[in-house]
Each structure stands twice: as structure tokens, then as C-alpha cells.
Amino acid sequence: MDYFWDKLSEGGDEKAQVCGWLKHKFGVSWQIVPSNLTEMICSPDPERSEGVMKALLQTKAKIDMRSLEQAYEG
């Protein structure tokens with residue numbers, strides 16, 4: 001995630017960076033998400049999935065994988 005975020009956000013609009021979304025220097029928007037995000041959000045345990053969603057929605061720019069994992073683990 002860090003590699004793609006760093007490369008795609010270089011020279012882009014920092015104001016457009018929220019909740020894993022960014023806009024690169026040519027104006028194209030991208031969302032950079034961890035490969036296991038869907039698994040965490042779709043957990044059969046509602047407390048886990050709600051915790052992950054709350055952590056995700058607090059993200060101001062690049063998604064913090066540690067905070068998502070902590071929310072998932074409780």
C-alpha cells in the first residue's frame with residue numbers, strides 16, 4: 001500500500017486525500033486499500049466489522065493498516 005500511495009500521490013491534490021482516496025497529478029482518482037479489507041468488513045462478527053468501519057471512516061488520507069487490524073482484533 002505504501003509504495004502505491006507514495007507513487008500515485010506524488011504531485012497530486014492533497015485536499016483530495018481522504019479514506020484511502022487520492023488524486024494523482026493528472027487528476028485521476030484512486031483508492032488504495034489493503035487486500036484483506038473486504039474480509040475484515042464482511043466479518044460474521046458484527047463487532048469486528050463495525051470496529052473496522054469506524055476506524056476506516058476516521059481515516060484522513062492513507063489507510064492506516066495498524067488501526068484497522070487493532071479494530072478487527074478488538
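The values are calculated or read from the model by the stated rules, or taken from the named source; none is laboratory data. Treat the numbers as computed from the prediction; the structure is a model and nothing was measured. We place every Cβ from the backbone using ideal geometry, glycine too, and count neighbours over all the protein chains shown. Areas reflect the complete protein model, heavy atoms only, side chains present, ligands, DNA and RNA absent. Shrake-Rupley method; radii C 1.70, N 1.55, O 1.52, S 1.80 Å.
Phi-derived couplings, Karplus 6.51 cos²θ - 1.76 cosθ + 1.60 at θ = phi - 60°, listed residue by residue for the range 30-40: 9, 10, 9, 10, x, 5, 9, 4, 4, 4, 5 Hz, with x used for Gly and Pro. Counting charges near residue 19 (Lys, Arg +1; Asp, Glu -1) among other residues having Cβ under 10 Å from its Cβ returns a value of +2. Annotation: amide H of residue 63 within the under-5 Å range of 20, sequence separation 5 or more or interchain, hydrogens built in the peptide plane. So which GluC sites (Glu not before Pro) in the chain end up in coil per DSSP with only 16 or fewer other C-beta atoms within 10 Å? In loop regions of the chain (DSSP not H, G, I, E or B), the sparsely surrounded GluC sites (Glu not before Pro) are 10. Among the protein heavy atoms of the chain, carbon and sulfur supply 51% of the accessible surface, probe 1.4 Å, non-protein parts ignored. Axis angle, to the nearest 10 degrees, between helix 46-57 and the longest C-alpha principal axis of the chain: 20 degrees. Straight-distance candidates among the lysines for linking to residue 7, with alpha-carbon spacing under 26 Å and chain neighbours fewer than 8 residues away dropped: 15, 23, 25, 60, 62. The share of alpha-carbon pairs in the chain lying farther apart than 20 Å comes to 32%. Ligands, DNA and RNA are left out, and with a 1.4 angstrom probe the accessible area of the range 1-64 is 71 Å² per residue.
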